[in-house]
Every structure is written in structure tokens, then in C-alpha cells.
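Let me begin by presenting the structure, written as C-alpha cells, before commenting on it.
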Amino acid sequence: MTPIHHANAILTIDLNAIVNNWLLLKDHMGSGRDCAAVVKADAYGLGATKIAPALYNAGCRVFFVAHLDEGIKIRPLLPKASIFVFNGPQQEDATEFQIYNLFPVINSLYQLEIWSKQASQANIPLPCIVHIDTGMSRLGLPEDEITRLCVEPYRLNGLDLRFLMTHLACSDEPEHPLNKIQLERFKKFYTALAAIGISAPVSFVNSSGLFLGTDYLFDLGRPGIALYGSNPTSMQSNPMKPAITLQGKVLQVRKIDSPWSVGYGASYHAVKPTRLATVSIGYANGYPRGSHTGAYAWIDHKRAPLVGRVSMDLLTFDVTKIKKVQPGMMIELIGTHHTLDQLAQAADTVSHDILTSLGPRCYRVYYGEV
Ligand SMILES: *Cc1c(COP(=O)(O)O)cnc(C)c1O
């Protein structure tokens, strides 16, 4: 492994903070309800093989991934956990779901047929979740397929239906009318299925859905991004602990006179003499290239604004007002002073996108390793 003094950018991941966040969300779900952990996309790029076992040790027993391979990777680390795979089975991989003891989310009657065939071959009831679409139009049984299932309930024969689930489209906007509409549609489908004897506990909410009120909670929460420190509430201060810091190394500190430009496209013009720090991290590390006003570094207790375009390997910050900055220093680009959510906002994106972009070019350090 590369020695840490070679690192141009360091991503620290606090496993204790992630565990604390899960405990807080589980507590928020309330008694009689459970809380899963969404660790798809390598736990949002932060390392599923570290994070999932840490959560497992804290008592988490239900995990969600998106791909079969993401499930295969963590399966041996979580002996007694249920691992559900959002994308569900295909003809060519259904057997592997069974071999690896992974439970598919069934998103269509087509997938239901694949999985029930697998179960009848295996001659044992195979677990699954049935995903009902109530407003995403992406995955999940659409209304006509639910109606069909209501008249052909034998389609579920041989399967062990663990949960019924749906997914909110606008949970980060509590006032959005679609939230209520999805809730009502789900209840309608749930009642129709229950009437013919198809029933199971319900998983309804992702991170921000957990904060829409108790009507939305049902039996199992499915938070992802809030575990990793992003604010799941739209208006309140962040109840989650920050779980990552991203630092970059200062390569140069230089003065420029005005008028003078900075970076590609000469998009930034200094209007007065300015001191700049050049930092060795760029979009090839996953720092968002679209960052503009509102992106900062935190140096010596002060904010240094990002100026000029984000390059592949470099960033430039205005450090005119900051005395204590010199080559070799590691400075904070995401952390408690400039948060993941603030950087996401400055890049016109979501925290999910920032985290999953921070690639292997960032040197990783884990705190609270299990
Ligand atoms: C990714 C995902 C989640 C987790 O969403 P967050 O916003 O990260 O909490 C939950 N459910 C489904 C279906 C997802 O795809």
C-alpha cells in the first residue's frame, strides 16, 4: 500500500460515526420497527466491507445493495443478516442469488416468475421482497401488474415474502404533494393484496422519508445517505454526525497581481492582488468539476473560497486572508466546517453523487475499525 506521506488527498471515514448514525435512525424509527442499512455502490463509495461489518456488530441485521456482486462481496462478513438486492434477479443469475443466500427485491411479474421458478427447482421457499411502484416509474410492479397479481396470487407460491416495499420520489421535499399520493396509492395496493391473503411487513422510507412523520415509517427503514452524515431533513439542523473528511495537500502558495486570471478557460479574474493556494486534488479524485461559488476549503479556522475551474488534479483557493498556509499542509475540503451537503449544493448535485464519486485516488483512512 502507498505510504500515507505520498497521499495527495486523504479521505477519512469514521466508522463510529456511521454506527452512531444508524443507532440514531433506528431509535427514530421507534420501538416495534426495524432499521436496515443501504450499502449499495460499495457503501456509497466509502467501503462496504468495512462499513457493513461495523453496522452488523452494532446489531444491524438487514442490508440492501443494488447489484448481485455487491451482495456476494459482503455475504461472508454478515453471517446472520438478510441481504436484499434492489435490482432483483435475471434468468442468468437467479441460481447465484440462491447459492449466496441473497434475497432479491422483485420488481416485476417477470422477475417474480424467475424467482418462483428458482424456488420450485430448489423445492424450498425462497425469501424476497415485492416492490410496488407508487410513483417512481423506474422499478417495481406497476398498477396493472399488481391487479394481475391480485387475480393470480398463485404467482407467489413457493416464495417467502419478507416485505412489501415502495420508494418515494420526493422525500427530500416534505411539502411535495407526491409524498401523500404515494402513501395513499401504497395503502390501496396493500389493502387489495391483503384481501386475497398476500401480506407482509412494509418497508417504505429512505433517509429523508424517515423524517416525513410516523405515517410513513411502517416496519423497516432503508436509510443510505444519512448513515454517511448527510442531512436527511430539509429544514432542521443536521441530526447526523459527519462521517467523512476529505483533505488535500497544498502544493504551492503564490501571489497574483490584478488583473490576472486563474485556471482553465480563464474563467476567474482576480480584481485585486490575491494569494492563491494550489491543492493536489481534482475531478479525477471525484471532487465535483461543476463546483462554483459556495465551495470552500477550511484553513486555519477560516474559509478560503474555491476560485477558477476544477482541474483534473488541482484546485485553487483564495487564501489572501489566511496567513498560516504553506506547501505540504493538508487542508479540509469536506468536514465539519465545510460539509458534504454544502459542497453538494455548491456543485448543484446531491451528497450521494459526491460520495460515490470520491474514487480510489483518495487515500483512505478508517477510524474505529472493527
Ligand atoms: C438508494 C436507495 C435507498 C437509500 O436512499 P438514501 O436517500 O440514500 O437514504 C432506499 N431505497 C431504495 C430503493 C434505494 O434505491
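Before moving on, here are some points about what is shown:
- Computed accessible area, residue 35, all protein chains, 1.4 angstrom probe, square angstrom: 0
- Among the protein heavy atoms of the range 190-316, carbon and sulfur supply 54% of the accessible surface, probe 1.4 Å, non-protein parts ignored.
- Dipole of the chain, positive end: most advanced residue of 130, 294, 223 [Cβ charges, Cα centre]: 294
- Solvent-accessible area per residue for the chain (1.4 angstrom probe, square angstrom): 46
- Residue 169 versus residue 235: modelled label distance in nm, points set 7 Å from Cα along the beta carbon direction: 2.4
- When you restrict to C-alpha pairs under 8 Å that are six or more residues apart and normalise by the size of the chain, the relative contact order lands at 18 percent.
- Here the range 43-192 is treated as an ellipsoid with the same Cα gyration tensor; its semi-axes, largest first and in whole Å, are 26, 22, 12.
- Here residue 249 is the anchor, and the lysines within straight C-alpha reach of less than 16 Å, apart from those fewer than 8 places off in the same chain, are 324.
- Rule-of-thumb Rg ratio for the range 286-327 [Cα; 2.2 N^0.38 Å; N residues]: 1.16
- Only lysines eight or more places from residue 188 in sequence, or on another chain, were considered; those with a Cα closer than 30 Å are 26, 40, 117, 180.
- Separation between Cα centres of the range 65-83 and the range 118-144, rounded to whole Å: 19
- For the range 131-250, the equivalent ellipsoid derived from the alpha-carbon gyration tensor has semi-axes of 33, 16, 12 Å in decreasing order.
- FRET efficiency, residue 66 to residue 324 (Cβ-Cβ, R0 41 Å, nearest 0.05): 0.40
- Rg/Rh (Cα only; Kirkwood hydrodynamic radius) as it applies to the chain: 1.05
- Residues whose amide H falls under 5 Å from that of residue 64, counting only those 5 or more places apart or on a different chain, are 37, 38, 39, 84, with hydrogens built in the peptide plane.
- Relative to its Kirkwood radius, the Cα radius of gyration of the range 237-359 gives an Rg/Rh of 0.95.
- Exposure rule at most 11 other beta-carbon atoms within 10 Å, DSSP loop GluC sites (Glu not before Pro): the chain longest free segment: 176-368
The values are calculated or read from the model by the stated rules, or taken from the named source; none is laboratory data. Not measured: the values here are computed from a predicted model. FYI the Cβ positions are ideal-geometry reconstructions off the backbone, even for glycines, and counts take in every protein chain you see. With ligands, DNA and RNA removed, areas are computed over all heavy atoms of the protein, side chains included. Shrake-Rupley method; radii C 1.70, N 1.55, O 1.52, S 1.80 Å.
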